[in-house]
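The values are calculated or read from the model by the stated rules, or taken from the named source; none is laboratory data. Because the structure is a prediction, the values reported are computed rather than measured. As a convention, Cβ positions derive from the backbone with ideal geometry for all residues, glycine included, and neighbour counts pool all protein chains shown. Each accessible area value is taken on the protein alone, full model and side chains, heavy atoms only, with ligands, DNA and RNA left out. Shrake-Rupley method; radii C 1.70, N 1.55, O 1.52, S 1.80 Å.
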Amino acid sequence: MLKEFKAFAMRGNVIDLAVGVIVGGAFGKIVGSFIDDVITPLLLKPALEAANLSHLNELTVFGTVKYGVFLSSVINFVIVAFILFLIIKGMNAAAKKKEDAKPVPPPLPADIQLLTEIRDILKRSN
């Protein structure tokens, strides 16, 4: 059973998935920080100033509904979705270029080319 588990864990797909999850988590933290520390304060600054608040977490309705945090999450989602859209669009364009660049068949060997010419001549003479 240990050998089977080792074979399963060391497969390329599992390792690729693990790397993807780790990189995705790190990317999520970068995007989260960008949203929370740069974009959201810039977009919500007028609302914060109008409410005489200094932090996004203080932006609430009825004292309990934290719509500032919700807006931050929505902006985070939109940016991540847009970045993923751009990545998938780039991958699709690269795949299309690969499909468009069809390989050129190698030239026929001299003996095959000669036999083809003989065949064509015989067809024309009949």
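To keep it simple, each residue is scored yes or no on (1) surrounded by 10 or more Cβ atoms within 10 Å (Cβ to Cβ); (2) touching an Asp or Glu at 6+ places or on another chain (Cβ under 8 Å); (3) in contact (Cβ under 8 Å) with a residue 60 or more places away in the chain; (4) at negative phi.
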site: Ile22; (1), (2), (3), (4): yes, no, no, yes
site: Ser33; (1), (2), (3), (4): yes, no, no, yes
site: Leu42; (1), (2), (3), (4): no, no, no, yes
site: Asn52; (1), (2), (3), (4): no, no, no, no
site: Thr60; (1), (2), (3), (4): yes, no, no, yes
site: Phe70; (1), (2), (3), (4): yes, no, no, yes
site: Phe85; (1), (2), (3), (4): yes, no, no, yes
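So, in the stretch 87-113, exactly how many residues are of a type in the set (A, V, I, L, M), open to solvent by 90 Å² or more (accessible area, probe 1.4 Å) and farther than 30 Å from Ile30 by Cβ? The total comes to 2. For the stretch 29-76, taking the residues that are of a type outside the set (S, T, N, Q) and assigned to a loop (DSSP other than H, G, I, E, B), the one that is modelled with the highest pLDDT is identified as Phe62.
Scan the stretch 57-114 for residues that are among the polar types (S, T, N, Q) and in contact with a Lys or Arg (Cβ under 9 Å, 6 or more places away or on another chain) and the total you get is 2.
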